[in-house]
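Note sheet for the following structure.
The values are calculated or read from the model by the stated rules, or taken from the named source; none is laboratory data. These numbers were taken from a predicted model, which means no experiment stands behind them. Here Cβ is always computed from backbone atoms with ideal geometry, including for glycine, and neighbour counts include all displayed protein chains. The protein model used for the area step is the full one, side chains on, heavy atoms only, and it has no ligands, DNA or RNA in it. Shrake-Rupley method; radii C 1.70, N 1.55, O 1.52, S 1.80 Å.
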Amino acid sequence: MSLTRHDVEGIARLARLQVSDADLTAYAGSLSKILAFVEQLSSVDTAAVEPMAHPLAGEAQRLRPDVVSEGDRRELYQRNAPAVESGLYVVPKVIE
Amino acid sequence: MSFHTASIADLSKGLAAGTYSSVELTRYFLARIQRFNEGLNAFITVTEEQALAAAAAADAQRAAGQAGRLTGVPIAHKDIFCTAGVRTSCGSRMLDNFIAPYDATVVARMAAAGIVSLGKTNMDEFAMGSSNETSWYGPVRNPWDHAKVPGGSSGGSAAAVAGRLVPAATGTDTGGSIRQPAALVGISGIKPTYGRVSRYGMIAFASSLDQAGIMAPSAEDCAYLLGAMAGFDPRDSTSVDRPVPDYVAELGAPLAGLRIGVLTEFMGQGLEAETGARVREAIEVYRRLGATVVDVSCPRLPLSVPTYYVVAPAECSSNLSRFDGVRFGYRCEKPRDLLDLYQRSRAEGFGPEVQRRIMTGTYVLSAGYYDAYYLQAQKVRTLIAEDFKRAFAEVDLILCPTAPGPAFGIGAKVDDPVTMYLNDIYTIGANLAGLPAMSVPCGFDGGLPVGLQLIGPHFSEGRMLAAAHAYQRETDWHQRVPAAYA
Amino acid sequence: MTSETKWEVVIGLEIHAQLATHSKIFSGSATVFGADPNTQADLVDLGYPGVLPVLNADAVRMAVKFGLATGATVASRSVFARKNYFYPDLPKGYQISQYERPIVERGSLDIMLDDGTTKTIGITRAHLEEDAGKSLHEGLVGASGIDLNRAGTPLLEIVSEPDLRSAKEAIAYLKKVHSLVRYLEICDGNMQEGSFRCDANVSVRPFGAEKFGTRCEIKNVNSFRFVEKAINYEVARQIDLIESGGKVVQETRLYDSVKDETRSMRSKEEANDYRYFPDPDLLPVVIEPAFVAEVRATLPELPDEKAARFQSRYGLSAYDAGVLTASRELAGYYEATVSALPKAPDEAAARANAKLAANWVMGDLSAALNKENMDIASSPLKAPELAGLLTRIIDATISGKLAKDVFEGMWAGGGNADAVIDARGLRQITDVGAIEKAIAEVMAASPGQLAEYRAGKDKLFGYFVGQAMKATQGKANPAALNEILRKMLAGP
């Protein structure tokens, strides 16, 4: 599987990564190499195999009682925020 | 007094006997960090003030008769664990300014046991790397040879322990990130069963593979500290509710009757000759000690690297979407619009290897490729887990090398991701199957340490630590310290 | 053929019902509406590095309740998946939802059509997911503010089959679901606050065509009326487009209630590739039969069951029963009213009383509530008070006509029925002598009409009734008045 610069552009856009023109070629090369390497998986017969999403097969999701345990800690949590106004996280205008 | 060559058991005894205080120990190791860290670059943040305060508190606790086995013992945390009020960078520019507002469960548990944290260790950016060269804070150096890598991603913890800057350090292991660096710097390191240690507060790389563990000179040291990390955590849905055994008490279990399976797939092609010779010598030690050694085969295990390099990037591409320059972390200068904010903050905040993995993961999950890559990898993952299951029907522990060879030169493999990825070929399988595994030093190859890996069935940490401990009673590889750090 | 008869409309609804839990679906933050921005967003809701989701038991319980109430299959094993996309109100860059294995599948609900027949609407699935936060645009120049209080609020997304054939059917179905979730007490149904939201997938195709037309998804419709208007607008737009040679493009459209139109959402235009995959932070949700049985035991009487009982027990028509059971509160009010009426001597009288109560609850009471934009729960007139008024109709203290005045007096705060009747002197005149006196005066004042009547012009009877009523200020008992008037007009 070989990726073109155009493919990389599309992937980078989905992943919200700005990739410079020069880097597009480099990523196209290294990503193609990685995909070529993982390609060997396609030769494995998995027709009757269940996919494994968790290492602990058979464990079930635990349920939490519906209790409010967290209070207002906005001031603390927003200390890490790059831009805050009136308690809101500020971003460039969202266009709907 | 040379505290740095003492074991955790020794330090525990010395503190209990009042031979020295935690403050003395803490000052001693802080001084070693001060002296050696510039050369190693093992720490991102040293928390001297908090460490001394914690040490004083530990001494006070002891004076009040409330000390536990580990009260006052100093360690370091990999900078992937959130620490309240202390920068938690994950080795990334993205989080260079990030002060965690909370403690990871591992951090809180160890603090509650009276363990003193000296600081946060360097690591590959977001734990993505096998050489510690992807860190925003620069590469970590191997104490045995500063021109060599310490392995990764827990390279800072590995180098700090190998140079005896700390008695032990936490690490995390997604595809070998505890075991491979432990092998490359000549220390012991254990990755427990998936679900044994809480992932809460450990910044996620690949959630279904990540597991925290401990790195220290010996298996015995690991046994002391693992008990303080492990246990059920209601904040982690994948944490297993199962009592934690006393790993120290289990260390004395006899080797006689233990069935050890040598993994044939990993003893041949790809393994460097000298490294292989050291592993075979270790096998002989086990035979001598009364273990039954047989060959076992896991035919699909060689597929673990390609499987991993689909599953881990897929999960990472999603896990790292939260770093968007909105609520925390790096934000680019003067974003033109929302898209620009996202694209530049992420491109400038993440290094190239992280971006490469995000893109790989984005691709394998995208429409049209999901089945061929991601779903197929999850199915092969099942086959790998089944191979292990079959093997464990025959043997108690699997034995193989930890890495194909000793530490390589800084910069030697950075240009070829696939070659770099293949360094994890022996360690990744345990992550895919969620199995506990550890590396113990078993000798040298060209003056550099190499490691022996033990892999066990789920929740067999006690038996594994005992087997490693038995080996370490017969050998002294784990006590070797690089001359400059002796 | 006109456009309307040539084109068949096909609608499927995706309803998002916020579940009425105290805490969020994956965190311990409160879900109360209207708090200060970001004061109900904890580390999990903010998507902080290192934190992990843990599933709220009551969110699961509520989803199961919905599944049982719609005759659906409750999955013994369901899976949470991540839906990946970037948006500022989505803190983690992915929404935890359910994709391939939802918790509820294959249910249905019956709706009543205008002609009184019922139609079964299929429910493809209902799955659990987390709500997003909100982007606010006021007060910030060139910027938006993000409030994540809503992020992580549990949602049940209820997806219908494309079984709906008109905006009217869509509304009937939407109201049915709205009523049901409130019956089940799993959602407060508040559409203004966004607790109950709806996206509509709308397409048209020529009648008889097998293949569906290209659909558009209309978002952001937050009232029953707007759902109807948005669908009608969209149907007309699509038909116009096709008939003028154009093609419908599959897209997401936003309904603008001010302009009454739908328009393409540019921000969602970009080819979305959500890259769903099972969330590795959450394990499969396993639901044991015992849990299902436990939830089943908590199910209330459901709207359809209640409507059937109203018909058999109170003799109400299907229509009346449907209206009165539209909400659990209304049905409760009605039954409380009926039970507070005096015991009827026989079954026929009991049914007449029940019908009287139905008429008043659906008529004057509902009209008064609508006028003041109130719901039944906040009615100033409680069921026993309305029953007090109806009792006076039943025992003939007042006429049905006068009762309307009494009702108004009561509504205006004039006290109970008897107090208003007394204060206004509205008790019916049943005294024969008084009625005879009034009639005699009317007869004396209308000699011409009297002569004509006696000459055979029967139609004038009504004239005398009116005059006599007027003379008694409407208080004469109508039956008594009629009887006496007929006798007196006939002459000695």
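Among the conditions (1) in a helix (DSSP H, G or I); (2) modelled with pLDDT of 95 or more; (3) more than 10 Å from chain B (Cβ to nearest Cβ), residue A:22 misses just one, which is (2). The listed residues are C:102, C:154, and the only one of them that is farther than 30 Å from residue A:73 by Cα and open to solvent by less than 20 Å² (accessible area, probe 1.4 Å) turns out to be C:102.
Can you find a residue that is buried (at least 18 other Cβ atoms within 10 Å of the Cβ) and in contact with a helix residue (DSSP H, G or I) (Cβ under 7 Å, 6 or more places away or on another chain) anywhere in region C:162-169? Yes; the residues of region C:162-169 include at least one that is buried (at least 18 other Cβ atoms within 10 Å of the Cβ) and in contact with a helix residue (DSSP H, G or I) (Cβ under 7 Å, 6 or more places away or on another chain). Filtering region A:37-96 to residues that are assigned to a loop (DSSP other than H, G, I, E, B), more than 7 Å from every other protein chain (Cβ to nearest Cβ) and among the β-branched types (Val, Ile, Thr) leaves nothing.
Taken over region C:316-351, the criterion of being outside any helix (DSSP H, G or I) and over 25 Å from residue C:369 (Cα atoms) is satisfied by C:342, C:343, C:344, C:345, C:346. Candidates in region A:1-19 are the residues that are β-branched (Val, Ile, Thr) and either part of a helix (DSSP H, G or I) or at positive phi (or both); of these, the one that is farthest from the other protein chains (Cβ to nearest Cβ) is A:8.
Take the residues in region C:31-73 that are more than 9 Å from every other protein chain (Cβ to nearest Cβ) and on the phi > 0 side of the Ramachandran plot; name whichever of them is surrounded by the fewest Cβ atoms within 10 Å (Cβ to Cβ). It comes out as C:34. Of the numbered criteria (1) touching a Leu at 6+ places or on another chain (Cβ under 8 Å); (2) crowded, with 24+ Cβ neighbours inside 10 Å; (3) within 12 Å of residue C:127 (Cβ to Cβ); (4) away from chain B (no Cβ under 12 Å), the one residue C:80 fails is (4). Helices (runs of 4 or more DSSP H) fully within region B:269-371 that include at least 3 residues being among the acidic types (Asp, Glu): B:273-288.
Quick grid of which residues meet (1) under 19 Å from residue C:400 (Cβ atoms); (2) open to solvent by less than 60 Å² (accessible area, probe 1.4 Å); (3) small (Gly, Ala, Ser):
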| residue | (1), (2), (3) |
| --- | --- |
| C:420 | yes, yes, no |
| C:425 | yes, yes, yes |
| C:437 | no, no, no |
| C:440 | no, yes, yes |
| C:456 | no, yes, yes |
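For region B:292-309, the criterion of a residue being hydroxyl-bearing (Ser, Thr, Tyr), open to solvent by less than 10 Å² (accessible area, probe 1.4 Å) and within 11 Å of chain C (Cβ to nearest Cβ) is satisfied by no position. Can you say whether residue B:393 is small (Gly, Ala, Ser), free of Cβ contacts under 8 Å to residues at least 40 places away in the same chain and away from chain A (no Cβ under 12 Å), as far as the supplied structure shows? Against the criterion (small (Gly, Ala, Ser), free of Cβ contacts under 8 Å to residues at least 40 places away in the same chain and away from chain A (no Cβ under 12 Å)), residue B:393 qualifies. Selection of first residues in region C:139-164 that are more than 30 Å from residue B:334 (Cβ to Cβ) and of second residues that are aromatic (Phe, Trp, Tyr) and modelled with pLDDT of 95 or more, restricted to Cβ pairs under 9 Å at least 6 apart or on distinct chains, gives the following pairs, ordered by first then second residue: C:152/C:26; C:154/C:26; C:156/C:66; C:158/C:66; C:160/C:173; C:163/C:173; C:164/C:173.
Inspection of region B:418-427 identifies at least one residue that is farther than 24 Å from residue B:296 by Cβ, at pLDDT below 95, surrounded by 20 or more Cβ atoms within 10 Å (Cβ to Cβ) and not basic (Lys, Arg).
For region B:414-433, the set of residues classified as within 13 Å of chain A (Cβ to nearest Cβ) and either over 28 Å from residue A:46 (Cα atoms) or in contact with a strand residue (DSSP E or B) (Cβ under 9 Å, 6 or more places away or on another chain) (or both) consists of B:414, B:415, B:416, B:429, B:430, B:431, B:433, listed by residue number. Each residue in region B:186-209 was checked for being under 15 Å from residue B:77 (Cβ atoms), in contact with a Lys or Arg (Cβ under 8 Å, 6 or more places away or on another chain) and part of a loop (DSSP other than H, G, I, E, B), and 2 of them qualify.
Table: residues versus (1) among the aromatic types (Phe, Trp, Tyr); (2) within 14 Å of chain A (Cβ to nearest Cβ); (3) farther than 25 Å from residue B:484 by Cα; (4) part of a loop (DSSP other than H, G, I, E, B).
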| position | (1), (2), (3), (4) |
| --- | --- |
| B:91 | no, no, yes, yes |
| B:118 | no, no, no, no |
| B:123 | no, no, no, yes |
| B:138 | no, no, no, yes |
| B:153 | no, no, no, yes |
| B:184 | no, no, no, no |
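Output the residue which, of all residues in region B:413-423 that are more than 18 Å from the chain's Cα centre (by Cα) and in contact (Cβ under 8 Å) with a residue 24 or more places away in the chain, is nearest to residue B:134 (Cα to Cα). The selected residue is B:414.
The set of residues in region C:1-30 that are within 11 Å of chain A (Cβ to nearest Cβ) and in a loop (DSSP other than H, G, I, E, B) comprises C:19, C:20, C:21, C:22, C:24, C:25, C:26, C:27, C:28, C:29.
Scanning region C:394-430 for residues being part of a helix (DSSP H, G or I) and among the polar types (S, T, N, Q) gives a total of 0.
Residue B:204 passes every criterion in (1) open to solvent by less than 10 Å² (accessible area, probe 1.4 Å); (2) farther than 20 Å from residue B:414 by Cα; (3) not charged (D, E, K, R) apart from (1).
Within region B:263-281, being surrounded by fewer than 19 Cβ atoms within 10 Å (Cβ to Cβ) and among the hydrophobic types (A, V, I, L, M, F, W, C) holds for B:267, B:273, B:277.
In the set (1) within 30 Å of residue C:90 (Cα to Cα); (2) open to solvent by 40 Å² or more (accessible area, probe 1.4 Å), residue C:252 fails one condition alone, (2).
Residues considered: B:440, B:380, B:418. Of these, the only one that is farther than 30 Å from residue B:250 by Cα, in contact with a Phe, Trp or Tyr (Cβ under 7 Å, 6 or more places away or on another chain) and outside any loop (DSSP other than H, G, I, E, B) is B:418.
Of all residues in region B:5-23, those that are open to solvent by 20 Å² or more (accessible area, probe 1.4 Å) and within 29 Å of the chain's Cα centre (by Cα) total 8. Candidates B:403, B:393, B:430: the one that is within 28 Å of residue B:466 (Cβ to Cβ), open to solvent by less than 20 Å² (accessible area, probe 1.4 Å) and not in a loop (DSSP other than H, G, I, E, B) is B:430.
Can you tell me which residue in region B:314-331 is nearest to residue C:93 (Cα to Cα), limited to those that are in contact with a Ser or Thr (Cβ under 8 Å, 6 or more places away or on another chain) and among the hydroxyl-bearing types (Ser, Thr, Tyr)? Across region B:314-331, the extreme among qualifying residues is B:317. The requirement of being more than 13 Å from chain C (Cβ to nearest Cβ) and hydrophobic (A, V, I, L, M, F, W, C) is not satisfied by residue B:204.
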